[in-house]
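Undergrad: Dropping the structure in here first, questions after.
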Amino acid sequence: MEFLYPNMLYALFALIIPIIIHLFNFRRHKTVYFSNTSILKTIEQENRKTKKIKELLVLLSRLLFLTALVIAFAFPYKKDNNTINNNVDNLIAVYIDNSMSMQSHSAEKTLFEDSRTSAMKLVESLDQAQKYILLSNDRNPINEYPMNKDEMLISLNEMKPESVSASFEDIYNSLSFIRKKNDFNSATLFAFSDFQNNAMSIDDLNVDTTIQVVAFPLKSDFQNNIYIDSVWLQSPVLQKNMANELNARIVNETPNDIKGLPVNFSIDENIVAYTTCDIKADSHADVNMQFVVEDEGDSKAKVSINDTPITFDDEYNLVLKVRPVINVIEISSAASSQQPMANSLSLLFDGDALINYQSMSQYNIDKNVLDNAQMIVVNENATLNTTTQQSLIEFAEQGGTLLMIESQGNRAAESQGYNSSIYNYLGIKPIAFDENETKIDYIAQRNPFFDDIFIKLPDNADLPKVKKHTRFRLSEKVQNIISLQNGDSFLMMSDVGKGKIFVMSTSLNEENSDLANHALFVPLMYKMALIGGNVFDLYYTLGKDKIMNINDVSLNVDDRISLKSKDTMYEIFPVIENRNGVKYLYFYEDLPSSGFYDVYKNEDYVKTVAWNDDRSESRMTFFSEEKLTEYFKNNNMNLLATLDYEEMNNGDVVETIVNQSSLWKIFAIIALIAMLTEILILRFWK
């Protein structure tokens, strides 16, 4: 047994004090005269003997109390019971959670600062020959190469807060990889984190038995939070001077009901809408605000609330993109639009300043024109090759509207090669051609597609007649939103990625249906065009979105794309990749903070994009010490200690970790027993 503070043992000299008191405890006696002294001699002899035993026991109790107390303060430990493998073959890894939730305040400062201070004390106390790595959520590769003590202290001092969240599983697996890569026999991981529930999921954890874990769960004094969870537009397509509606979900993670919480919506730093909301405890509420965008192009918008002290999730950034026109492309079997269906669409769209309508031959498809479209209509007679069909599927997945109008009959039910890639993708199949006249009988008015088309459809409404149509076998992912009297589908819709694919079972030719001359035709076509082309995301999320679609930007081979932030003076050059004709930006490192970033092609401004912090960190649910210990044990990790917040901030915590021992507790208990024994002797021994 050794002592962490051996100088405390000098206090054992204090044992001489109770001994001196015992030896020189002279008391003044009062003389009492008594006639029969023979009886008193017997009593005196008996009392003197008992008194000496009593005083001796009291002395021993006092000596034992002082001895045990001094030894406890000297902190005894067994030399072979060290927490860490204190040798050069053991890699010391310090993980400091620098996510947004660690900016919450403790009693004195932020949890991040508490973690960094304790980590520096830890490193300073360890052997000079040890090698260190610093793990954090931003995964700085410079800090993940073995460093000496001085380099580690510098890295800790320069560490930046407010990174995106990372799972403990990723941190643990990274340490295992680094240990093996650098040929260390073992590793010790000191983890400083608030251990949020969202970061503790385990899907692909590979337990490394050579890794020891010491966990420091931190707890904030402020765990109540109100935050903006998400925002969305009622209509995904914005037009100049046209009213739209913004929706926002506000979450209340407090035990109290919130009354009249102010919610602001600003565009280019000007407040354009304002509302208040009431939210029940541990619940959420959705608010909506009407607004109008007066300028074309990209506008920086922001939804905001006021909630302290946790403020990183009180704002939600989004970019409102107003297109000057909506591009509608028709692909036909001919080089020009001379067919009846084309005439119907051209008559509808050609004279509208909002719509840029263009007809294109199936033999001469301009890919750049398709990339900038919001809606693509495939003519009933157009037969597309497999490559073109796959491009149209990807166009829909990126947010476009694709309308497939069925053939006039003779081949749709017979030919398996007729645009079969798209149909197979949807899981539908043409099975027969029906020439019996019927009419539209059912419209799924409750489907969101019809939200702003009908107020109320009359029971006896005069709906379009259908003379010929193709019958389909549908899959589960295809919705039948308009049906015929015989139960067959007239208009089918499928959600595909960010967009939609529609299939109409008959053509617009008057010989097949009178839809083109019916009042229903105009709102159907306009709604398809308006919901299409949502390829421009309102916002991106830090830590989650690693890919950005830039198919709306014309690029040459030598062009370079960059993202710049005026607020943080930051610039990044992501990698450009072309996948199946779609251009993407790949981010191999996270942006430094949420906010607005301008996209440049070479030195020319292209557009603005908005980034927000991951809202999973806004959920103030954390692992307790007991749950954390159970978590590590259930996953067979080599857990050495779980130290609470007070122990971490104790000045002796580093020494406690390095020389972990519970012997001091035993001596503290012995001291308490000795003191209790003395009290009992003095109180009850008469």
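The values are calculated or read from the model by the stated rules, or taken from the named source; none is laboratory data. All figures in this text were calculated on a predicted structure; none of them were measured in a lab. Glycine also receives a Cβ, built like all others from the backbone with ideal geometry; neighbour counts cover every protein chain displayed. Please note that ligands, DNA and RNA were not included when accessible areas were found on the heavy atoms of the full protein model with its side chains. Shrake-Rupley method; radii C 1.70, N 1.55, O 1.52, S 1.80 Å.
Undergrad: Could you work out the relative contact order of the chain, using alpha carbon pairs under 8 angstrom and six or more residues apart, expressed as a whole percent? All intermediate terms of the calculation are to be shown ahead of the outcome.
TA: Numbers: 1332 pairs, mean separation 106.2, N = 686.
Reported as a whole number, the value is 15 percent.
Undergrad: Hey, what's the chain come to in accessible area per residue, 1.4 Å probe, Å²? Spell out each step's value before the answer.
TA: On the way: 34610 Å² over 686 residues.
Solvent-accessible surface per residue comes out at 50 Å².
Undergrad: What FRET efficiency comes out for the pair GLN358/ALA285, r = Cβ-Cβ distance, R0 = 45 Å, nearest 0.05?
TA: Values: r = 44 Å, r/R0 = 0.99.
Using R0 = 45 Å, I get an efficiency of 0.50.
Undergrad: Is the C-alpha gyration tensor of the stretch 193-266 telling us rounded, prolate or oblate? Criteria: a/c under 1.5 is rounded; beyond that, a/b larger than b/c is prolate, otherwise oblate. Walk me through the numbers on the way to the answer.
TA: Working: a/c = 4.58, a/b = 1.93, b/c = 2.38.
Oblate, because a/c is 1.5 or more while a/b does not exceed b/c.
Undergrad: Then there's this: First measure r as the distance between the Cβ atoms of THR311 and ASP278, then evaluate 1/(1 + (r/R0)^6) with R0 = 25 Å and state the FRET efficiency to the nearest 0.05. Kindly include the intermediate steps, with their values, before the conclusion.
TA: Numbers: r = 21 Å, r/R0 = 0.86.
Using R0 = 25 Å, I get an efficiency of 0.70.
Undergrad: On to the next question. To make sure I understand the rule: partners must be lysines, Cα under 16 Å from the Cα of LYS259, and not fewer than 8 residues away in the same chain. Which ones qualify?
TA: Filter leaves LYS280.
Undergrad: What is the extension gain from LEU347 to PHE573, computed as 0.36 nm multiplied by their sequence separation minus the C-alpha to C-alpha distance, in nm to one decimal?
TA: Numbers: separation 226, 0.36 × 226 = 81.36 nm, distance 4.55 nm.
So the chain would gain 76.8 nm between LEU347 and PHE573.
Undergrad: Then there is this: Label the stretch 427-523 by shape, choosing from rounded, prolate and oblate, from the square roots a ≥ b ≥ c of the eigenvalues of the Cα gyration tensor; if a/c is under 1.5 it is rounded, and otherwise prolate applies when a/b is larger than b/c, oblate when it is not.
TA: Values: a/c = 1.65, a/b = 1.02, b/c = 1.62.
Taking the square roots of the gyration eigenvalues as a ≥ b ≥ c, the stretch 427-523 is oblate.
Undergrad: Within a Cβ distance under 15 Å of GLY499, other residues only, what is the Lys/Arg minus Asp/Glu net charge?
TA: Details: positive: LYS477, LYS498, LYS500, LYS527; negative: ASP371, GLU394, GLU397, ASP495, ASP537, ASP552.
So the environment of GLY499 carries a net charge of -2.
Undergrad: What is the set of long-range amide H partners of ILE355 at a cut-off below 5 Å, with H atoms built 1.01 Å from backbone N?
TA: When sequence neighbours closer than 5 places are left aside, the close amide H contacts are ILE326.
Undergrad: Summing +1 for each Lys or Arg and -1 for each Asp or Glu, what net charge is found among the other residues whose Cβ lies under 11 Å from the Cβ of TRP611?
TA: Working: positive: LYS544; negative: ASP537, ASP545, ASP590, ASP613, ASP614.
So the environment of TRP611 carries a net charge of -4.
Undergrad: Same structure again: How much length would be gained if the chain were fully extended between LYS564 and LYS49, taking 0.36 nm per residue of separation minus their Cα-Cα distance, in nm to one decimal? Please list the in-between numbers first.
TA: Details: separation 515, 0.36 × 515 = 185.40 nm, distance 9.35 nm.
Full extension from LYS564 to LYS49 adds 176.1 nm.
Undergrad: To test your reading of the geometry: what angle, between 0 and 90 degrees and rounded to tens, separates the Cα axis of helix 625-634 from the longest principal axis of the chain?
TA: Computed tilt is about 70 degrees.
Undergrad: Also, quick follow-up: Taking just the alpha carbons, could you work out the radius of gyration and Dmax for the stretch 88-158, both in angstroms?
TA: Cα only, the stretch 88-158: 12.4, 38 Å (Rg, Dmax).
Undergrad: Give me P(r) over the stretch 589-636, computed from all C-alpha to C-alpha distances, binned every 10 Å, as integer percentages.
TA: 19, 25, 21, 17, 12, 6
Undergrad: For the stretch 207-321, just say rounded, prolate or oblate: build the C-alpha gyration tensor, square-root its eigenvalues into a ≥ b ≥ c, call rounded for a/c under 1.5, and beyond that prolate if a/b exceeds b/c, oblate if not.
TA: It is prolate, given that a/c is not under 1.5 and a/b is the larger ratio.
Undergrad: Less than 17 Å apart at the alpha-carbon level, and either on another chain or at least 8 residues along: which lysines does that give for LYS601?
TA: Straight-line reach from LYS601, under 17 Å: LYS564, LYS566, LYS583.
Undergrad: Given R₀ = 45 Å, FRET efficiency for GLU437-ASN385 by Cβ-Cβ distance, to 0.05? Numbers along the way, then the final one.
TA: Details: r = 35 Å, r/R0 = 0.77.
Result of the calculation: an efficiency of 0.85.
Undergrad: Given labels modelled 7 Å from the Cα in the Cβ direction, how far is it in nm from ASN602 to LEU672?
TA: Each label point is offset 7 Å from its Cα along the Cβ direction, giving 7.8 nm.
Undergrad: Now a separate question. Contour minus end-to-end for LYS300 and ASN638, with contour as 0.36 nm per residue of separation and end-to-end as the Cα-Cα distance?
TA: On the way: separation 338, 0.36 × 338 = 121.68 nm, distance 4.94 nm.
Net length gain for the segment: 116.7 nm.
Undergrad: Considering every Cα-Cα pair within the stretch 187-228, what fraction, in whole percent, is farther apart than 16 Å? Each step should come with its number before you reach the end.
TA: Values: 500 of 861 pairs.
Summing the P(r) of the stretch 187-228 above 16 Å gives 58 percent of all pairs.
Undergrad: Here is a follow-up. Based only on Cα atoms, what Rg/Rh ratio does the stretch 487-596 have, Rh being taken as Kirkwood's radius? Walk me through the intermediate numbers first.
TA: Values: Rg = 20.7 Å, Rh = 17.9 Å.
On the Cα set of the stretch 487-596, Rg over Rh gives 1.16.
Undergrad: If Lys and Arg each add +1 and Asp and Glu each add -1, what is the summed charge of the other residues whose beta carbon sits under 11 Å from the beta carbon of ASP278?
TA: Working: positive: LYS259, LYS280; negative: ASP257.
Here the count lands on +1.
Undergrad: Pairwise over distinct Cα atoms, reciprocal of the mean inverse distance: report the Kirkwood radius of the chain in Å, one decimal place. Before the final figure, lay out each step's value.
TA: Numbers: mean 1/r = 0.0315 Å⁻¹.
Taking every pair of different Cα atoms in the chain, averaging 1/r and inverting gives 31.8 Å.
Undergrad: Heavy atoms only, probe 1.4 Å: what % of the accessible area of the chain goes to carbon and sulfur, would you let me know? Write out the running numbers ahead of the final one.
TA: Numbers: 17140 of 34610 Å².
The nonpolar share, carbon plus sulfur, comes to 50 percent.
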